[in-house]
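Chemist: Supplied in structure tokens, the structure appears directly below.
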Amino acid sequence: MGDAAATGLPDAEALAQAGLALDIDGAVATVTLDRPERRNAMTFATWRTLARIGGNLPAGVRVVVLRGAGPSFSAGIDLSMFADPGAFPAGDDLDGFIAGLQEGYTWLRRPEIVSIAAVHGHTIGAGFQLALACDIRVAADDVKFCMKEPALGLVPDLTGTKPLVEAVGLNRALELCLTARTVLADEAARLGLVEISTTRDGLDAAVAGLVERLLAVNAEAAVATKRLLLEAPGNSLAEQCAAERREQAGRLKAMAAAFQG
């Protein structure tokens, strides 16, 4: 991974304290939730360190893969944190505190990277939201999705509500959240919660094949296309047509310069 201090990336000690592992191999960064003894339950430190990773990725990274060590992707929030009365601020300071935690998720949507969640086993609450923050979800046949927060007296606040509604629709999202029921692999595929389904034994190969296909596409065109697709839901047809013209003009100029050079 190189000198973490020089790059701004968290060092091995900081990663371990956050329950994470990080490997950067050329254009691919792999982030592993690495507390298998706790089913990869996440803490405030986990989310802050994810944000630090996102803010300091080397410029050459094109694909980010999120994984979970052991039998689960993540069991969600580590509830033992609530035993500490000073774990989070009170009053108006909570808004900024939560915003900082959300930054551990929002960077996964940036146009310059494609993010992949390789999910298996329990993918609960904050873990489910982490999967939803990624561009593409590859799910093993033992996956168990659940939006647990309302059952715990909380709400999903780690950027998961918007992609959930976009994936399954408002009514189904209400049903999933307000019953906090478990969604197994077959139903998850039918609902559009996953893009690629595979066996547990085939998960690594499925992710590796997807990464290979993503890297085979022109990097600049991939960034421009993702930027277009991210804009599309909020644009009128006329606005999206204009966005397509803008992006294509840039690509045509780049291609012409490459041929002339």
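Chemist: Per DSSP H run of n ≥ 4, the term is -39500 (n - 2.57); total these for the chain, divide by its residue number, and report the mean residue ellipticity at 222 nm rounded to 500 deg cm²/dmol.
Modeler: -13500 deg cm²/dmol
Chemist: May I pose another question? What residue among 97, 128, 73 shows peak mean-square fluctuation when the chain is described by a Gaussian network model with Cα springs under 10 Å?
Modeler: Taking springs between Cα atoms under 10 Å, the residue moving most is 97.
Chemist: Cross-link candidates for residue 144: which aspartates and glutamates have Cα within less than 12 Å, leaving aside residues fewer than 8 places away along the same chain?
Modeler: Straight-line reach from residue 144, under 12 Å: 186, 187.
Chemist: Output the 0 to 90 degree angle, nearest 10, between the alpha-carbon long axis of helix 219-231 and the longest principal axis computed from the alpha carbons of the chain.
Modeler: 60 degrees
Chemist: If you don't mind, another one. Taking 30 Å as R0, compute the FRET efficiency from the Cβ-Cβ separation of residue 61 and residue 165 and round it to 0.05.
Modeler: 0.55
Chemist: Pop out the Kirkwood hydrodynamic radius of segment 161-206 from its pairwise C-alpha distances, inverse of mean 1/r, in Å to one decimal.
Modeler: With all distinct Cα pairs of segment 161-206 included, I get 11.6 Å.
Chemist: Can you give the translational diffusion coefficient of segment 1-114 in µm²/s, computed by Stokes-Einstein from the Kirkwood radius over Cα pairs at 4 °C and 1.567 mPa s?
Modeler: Result for D is 87 µm²/s.
Chemist: Please list the radius of gyration and Dmax for segment 112-261, considering alpha-carbon atoms only, with Å as the unit.
Modeler: In Å, with Rg to one decimal and Dmax whole: 18.3, 62.
Chemist: Nearest 10 degrees is fine. How inclined is helix 203-215 to the longest principal axis of the chain, computing both from alpha carbons?
Modeler: With rounding to tens, the tilt is 30 degrees.
Chemist: Next question, about the same structure. Using the basic label-point model (7 angstrom from Cα toward the beta carbon), what is the residue 179 to residue 112 distance in nanometres?
Modeler: Inter-label distance under the simple model: 4.3 nm.
Chemist: May I ask which residue of 184, 224, 143 lies farthest towards the positive end of the charge dipole of the chain, with charges of +1 (Lys, Arg) and -1 (Asp, Glu) on Cβ and the Cα centre as origin?
Modeler: Highest projection toward the positive end goes to 224.
Chemist: Residue 37 to residue 84: FRET efficiency via 1/(1 + (r/R0)^6), r the Cβ-Cβ distance, R0 35 Å, to the nearest 0.05?
Modeler: 0.95
Chemist: Taking 8 Å as the Cα distance limit and 6 or more residues as the minimum spacing, I'd like the relative contact order of the chain as a percentage.
Modeler: 14 percent
Chemist: Output needed: percent of Cα pairs per 10 Å distance bin for the chain, bins running from 0 to the one holding the longest distance.
Modeler: Once binned at 10 Å, the Cα pair distances of the chain give 7, 28, 35, 21, 7, 1, 0.
Chemist: Could you identify which residue out of 173, 16, 208 has the top mean-square fluctuation in a GNM of the chain using Cα springs shorter than 10 Å?
Modeler: 208
Chemist: Can I ask one more? Taking 0.36 nm per intervening residue step and subtracting the Cα-Cα distance, what contour gain separates residue 92 from residue 217 on full extension?
Modeler: 40.4 nm
Chemist: So how far apart, in nm, are the two label points at residue 187 and residue 102 if each is 7 Å from Cα heading toward Cβ?
Modeler: The modelled label-to-label distance comes out at 2.9 nm.
Chemist: When ranked by the protection proxy of mean other Cβ atoms within 10 Å per residue, highest first, what sequence do the peptides 137-149, 155-167 form?
Modeler: Sorting 137-149, 155-167 by mean packing, highest first, produces 137-149, 155-167.
Chemist: Find which of 126, 114, 89 sits farthest along the positive direction of the dipole of segment 42-128, computed with +1 on the beta-carbon of Lys and Arg, -1 on that of Asp and Glu, about the Cα centre.
Modeler: Farthest towards the positive end: 114.
Chemist: Going from the alpha-carbon gyration tensor of segment 219-260, what semi-axes, largest first and in whole Å, does one get by taking the root of 5 times each eigenvalue?
Modeler: Semi-axis lengths for segment 219-260 are 23, 11, 4 Å.
Chemist: Here's another thing I want to ask about it. Calculate one ³J(HN,Hα) per residue across segment 145-162 by plugging θ = phi - 60° into the Karplus curve 6.51 cos²θ - 1.76 cosθ + 1.60, and present them in order as whole Hz with x for glycine and proline.
Modeler: For segment 145-162, the Karplus curve yields 8, 7, 8, 7, 3, x, 5, 9, x, 10, 10, x, 10, 9, 6, x, 5, 5 Hz.
Chemist: For the chain, give me the percentage of DSSP beta bridges that are antiparallel, rounded to the nearest 5 percent.
Modeler: Given both bridge residues lie in the chain, the antiparallel proportion sits at roughly 25 percent.
Chemist: Also: Relative to the first principal axis of the alpha-carbon coordinates of the chain, what is the inclination of helix 44-55, with its axis defined by its Cα atoms, in degrees from 0 to 90 and to the nearest 10?
Modeler: Tilt of helix 44-55: around 10 degrees.
Chemist: Residue 253 to residue 230: FRET efficiency via 1/(1 + (r/R0)^6), r the Cβ-Cβ distance, R0 25 Å, to the nearest 0.05?
Modeler: E(calc), rounded to 0.05, equals 0.70.
FYI, it's all coordinate maths here, none of it is from the lab. Quick caveat: nothing in here was measured; it's all calculated off a predicted structure. Glycine also receives a Cβ, built like all others from the backbone with ideal geometry; neighbour counts cover every protein chain displayed.
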